[in-house]
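Presented below is the structure to which this report refers.
Just so you know, all these numbers are worked out from the coordinates, no wet-lab data involved. Keep in mind the model is a prediction, meaning the values are calculated, not measured. Heads up, the Cβs are rebuilt from the backbone with ideal geometry, glycines too, and the neighbour counts pull from every protein chain shown.
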Amino acid sequence: MPTTTATAVPRAPCPPPAAVCEDFETGTIDTSVWEVRAPNATLEVVQDRVAHGKYAMHTHTTQASNSQAQLVQTRFLGSNFYGRVYAYFEVKPRNINGGIFEGLGYLNGDQTAISIATNSQRLFILYFRNNPFLDTMSPASQTVPVGKWFCLEWNVRPVEGTNNHIWIDGVEVAGLVRGGTLAKEPSGTFKVDPFSEARIGWSHSAHNDPDPFTDIWFDDIAFGPERIGCL
C-alpha cells in the first residue's frame with residue numbers, strides 16, 4: 001500500500017445490517033477480513049479519488065487474461081446475499097466481460113459463480129458453471145455511469161437461484177431478461193449452493209486487447225443479509 005499523508009481514523013464497526021464492510025478510512029485494508037488478490041494487476045488504497053471520507057480503493061488491470069484486482073472474504077456467505085459498493089469508471093468499460101462482484105461456489109461438484117458484470121458499459125448478472133458461462137440475466141439498455149461515482153447494489157440468492165436484483169443510485173434496474181443457454185439448470189435459475197467466497201473489485205476476460213488497461217475506483221463496500229442502501 002502506498003504511503004499517505006492524511007491522518008487515518010480508527011476502523012469503525014459495520015453499520016447494520018452489513019455483516020462485513022470496508023470504507024478504507026484507516027488508510028489500509030483490513031486483512032483480518034479481506035484477502036487481496038491482484039494477479040497481473042495492482043490494488044491500492046488512495047486519496048486522489050474518493051466517494052466519501054479520505055480514502056478509496058484503486059484497481060488497475062492489464063492485458064493479461066487472468067488480470068484481477070479483488071478483495072476476497074469468507075466471513076459472510078449468506079444464501080440471501082446483498083451487496084453495496086460505490087464505483088467510479090473513468091472511461092467506458094470495454095467490449096469484454098468484466099466482473100465487479102463475484103460469488104463463487106460449487107453445485108454437484110461443478111465450480112459455479114454469480115457475477116455482477118459489465119460488457120461495453122452494459123450491466124448484467126452473469127452466471128458461470130464449469131467455465132465458460134452458461135447463462136446470463138441482462139437488462140437490455142442499462143449502462144454503467146462513467147465519469148462519476150455511483151452507488152451499485154445487488155441481491156443474489158445462490159441457493160434458491162432466482163429473484164436476483166440490481167439497483168443503481170437507489171433505483172432498481174427493471175427488465176432483467178435471460179440470455180445465453182443454461183444447459184444444466186431449470187429455466188431462470190442461477191444456483192451456486194452456497195457461496196464459498198465473495199469477491200469485490202475488478203476482473204476481466206480480456207487478452208490481446210488493443211486497449212488493455214482498466215482503472216476503476218471503489219469505496220464503501222458492504223455485504224449483508226438485508227438491503228444495506230446507499231449513503
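Skipping prolines and chain starts, which residues have an amide H placed within reach, meaning under 5 Å, of the one on R227, given they are 5 or more residues away or on another chain?
For R227, no residues qualify.
For region 21-179, what is the relative contact order in percent, using Cα pairs closer than 8 Å and at least 6 residues apart in sequence? Let's see the in-between values first.
Details: 313 pairs, mean separation 27.9, N = 159.
In percent, rounded to a whole number, it is 18.
Please give the charge dipole size of region 26-157, origin at the Cα centre, charges +1 on K and R Cβ atoms and -1 on D and E Cβ atoms. Round to the nearest 20 debye. Before the final figure, lay out the partial values.
Working: 11 positive and 9 negative charges, 53 e Å.
So the magnitude is around 260 debye.
Roughly how compact is region 61-157, stated as its Cα Rg over 2.2 N^0.38 Å to two decimals? Please list the in-between numbers first.
Values: Rg = 13.8 Å, N = 97, 2.2 N^0.38 = 12.5 Å.
Taking N as the residue count of region 61-157, the ratio is 1.10.
Could you work out the local net charge near C21, counting Lys and Arg as +1, Asp and Glu as -1, over the other residues with Cβ closer than 12 Å to its Cβ?
On the way: positive: R11, R75, R84; negative: E22, D23, E25, D30, D219, D220.
Summing Lys and Arg as +1 and Asp and Glu as -1 gives -3.
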